[in-house]
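A short write-up of the structure that comes next.
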Amino acid sequence: MSDNASNRTIERKHSHVEICLHGDVAFNGKTTGFERFEFEPNALPELSFSDIDISTTFLGKTIGAPLMISSMTGGYSEAATLNQRLAEAAERFRIPLGVGSMRQALENSSYRESFAIVRKYAPSIQIFANIGAPEVAKGLTDNEVSTMLDLLQADGLIVHLNAAQELFQPEGNTDFRHVLEQLSILTAKIPVPVIVKEVGCGISASVARQLIEAGVKVIDVAGAGGISWQKVEEIRYTRQFGQETRFSLPALEEFLNWGIPTAQCLLDIRALKNESDGLNAFEIIASGGIRCGIDIAKSLALGAQLAASARYILKALHEGTLEETINSWLNDLRAVMFLTGAGTIPELRNKNLLIKH
Ligand SMILES: Cc1cc2nc3c(=O)[nH]c(=O)nc-3n(C[C@H](O)[C@H](O)[C@H](O)COP(=O)(O)O)c2cc1C
């Protein structure tokens, strides 16, 4: 990688964190859809609040709670501090953690430590490597796969599909040919599970079906209602090129809001699990706009194995309230379980969600 290209990548990663912390990057009026649902209250819970057990499993391993810290960063020096602090929190709560795209680690060995640090501070939890669809489309070599996995002693590889983000990114890569074919090749040779996620536009049932047929073990919906990555990249584009726009104004408004709401993705993909046409077993992660423990609880009742969050976790880290925030979310979750009479996570999954009128 040339020095120029490397500097551009570092600028991009820096500005992603800064814009997600301080910019207006929410969807314009489009929500996750969780507010459409409420749990049926149980006036007879027959439980002691203190006995409620929020531990669960993910990809066959026991975890402390049905929450994951979504892929965010790595690949520049300050990212090491962020990743260290995320790793410390994930280890403390015994929850899985994803790192940001590792493209930089493949192209330049200087910043590998900003990824590797997570394993140092989180020796016992599940940690997931991360790479983008355009890299997968080119065909990852065995050496590239083992570099990513070995750096983290990773429990799996997350591939992100981010067509809208790349389209809006000033330096984006919009060649998405052969992603599915290369994913099939990757899942056949890699020794760990492959997770596929979006970054805020959601995954439809028909795409989920193709991914599962290609050997993907987990679909992380990363639906609309949280961050609009089109907005993040539009802010970067405007900083570089001024107000010059590539789209007509009415279309731009609609593109900035492009995506399937998180709850809708869950409803649609959950239906695939009930089909009896021989689809391989798979798990679902709910993400995109998760902001409290009630969202986590609703995610589970809508078919997810766990919920994952990026932006609110990053904000809490920035404000010095990460542990407090996670504790409050897990307490919300326990409260929902108490009020619905679910002593365990498998029981919560079977609770009724009512559609609000
Ligand atoms: C600063 C930042 C950087 C991110 N970088 C990546 C990345 O490198 N790879 C990836 O798969 N997702 C990345 N994401 C997307 C998140 O993992 C997540 O899918 C998305 O932000 C939606 O979740 P949220 O609404 O909880 O933020 C990033 C998110 C943030 C906030």
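The values are calculated or read from the model by the stated rules, or taken from the named source; none is laboratory data. Small disclaimer: the values here were computed from a predicted structure and weren't measured. Neighbour counts are summed over all protein chains in view; Cβ atoms, including those assigned to glycine, are modelled from backbone coordinates with ideal geometry. Quick note on the areas: whole protein, heavy atoms, side chains included, nothing else; ligands and nucleic acids left out. Shrake-Rupley method; radii C 1.70, N 1.55, O 1.52, S 1.80 Å.
For this structure, a couple of remarks:
- Any chance THR238 is in a loop (DSSP other than H, G, I, E, B), open to solvent by 20 Å² or more (accessible area, probe 1.4 Å), of a type in the set (Ser, Thr, Tyr) and more than 16 Å from the ligand (Cβ to nearest atom): no
Listed here are the residues, each with its yes/no results for (1) at pLDDT 95 or above; (2) under 24 Å from LEU306 (Cβ atoms).
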| residue | (1), (2) |
| --- | --- |
| GLY98 | yes, yes |
| SER101 | yes, yes |
| GLU107 | no, no |
| ARG119 | yes, yes |
| ALA122 | yes, yes |
| ALA129 | yes, yes |
| VAL136 | yes, yes |
| THR147 | yes, no |
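- Residue list for region 74-132, restricted to those being open to solvent by 10 Å² or more (accessible area, probe 1.4 Å) and within 11 Å of the ligand (Cβ to nearest atom): LEU82, SER101, ARG103
- Failed item in (1) more than 30 Å from ARG349 (Cα to Cα); (2) open to solvent by 50 Å² or more (accessible area, probe 1.4 Å); (3) more than 12 Å from the ligand (Cβ to nearest atom), with GLU40 passing the rest: (1)
- Against the list (1) farther than 23 Å from SER71 by Cβ; (2) of a type outside the set (Asp, Glu); (3) open to solvent by 40 Å² or more (accessible area, probe 1.4 Å); (4) assigned to a loop (DSSP other than H, G, I, E, B), the condition TRP258 fails is (1).
- Filter result for GLU181 (of a type in the set (Asp, Glu), more than 21 Å from ALA26 (Cα to Cα), within 16 Å of the ligand (Cβ to nearest atom) and out of contact with any strand residue (DSSP E or B) (no Cβ under 8 Å at 6 or more places or on another chain)): no
- Selected residue (only one of ARG246, ARG291 is within 27 Å of SER15 (Cβ to Cβ), under 15 Å from the mean Cα position of the chain (by Cα) and open to solvent by 30 Å² or more (accessible area, probe 1.4 Å)): ARG291
- Of the residues ILE285, ILE269, the single one that is within 13 Å of the ligand (Cβ to nearest atom) and in contact (Cβ under 8 Å) with a residue 12 or more places away in the chain is ILE285.
- In region 322-348, the residues that are without any contact (Cβ under 8 Å) to a residue 40 or more places away in the chain form Cβ pairs under 6 Å with partners that are surrounded by 19 or more Cβ atoms within 10 Å (Cβ to Cβ) and among the small types (Gly, Ala, Ser), at six or more places apart or across chains, as follows: THR325/ALA316.
- Residue that is nearest to ARG103 (Cα to Cα), among those in region 58-85 that are of a type in the set (Ser, Thr, Tyr) and part of a helix (DSSP H, G or I): SER77
- Filtered by the rule that a residue be hydroxyl-bearing (Ser, Thr, Tyr) and more than 23 Å from MET68 (Cα to Cα), region 115-146 gives THR141, SER146.
- Residue check for ALA90: modelled with pLDDT under 95 and either among the aliphatic types (A, V, I, L, M) or in a strand (DSSP E or B) (or both): no
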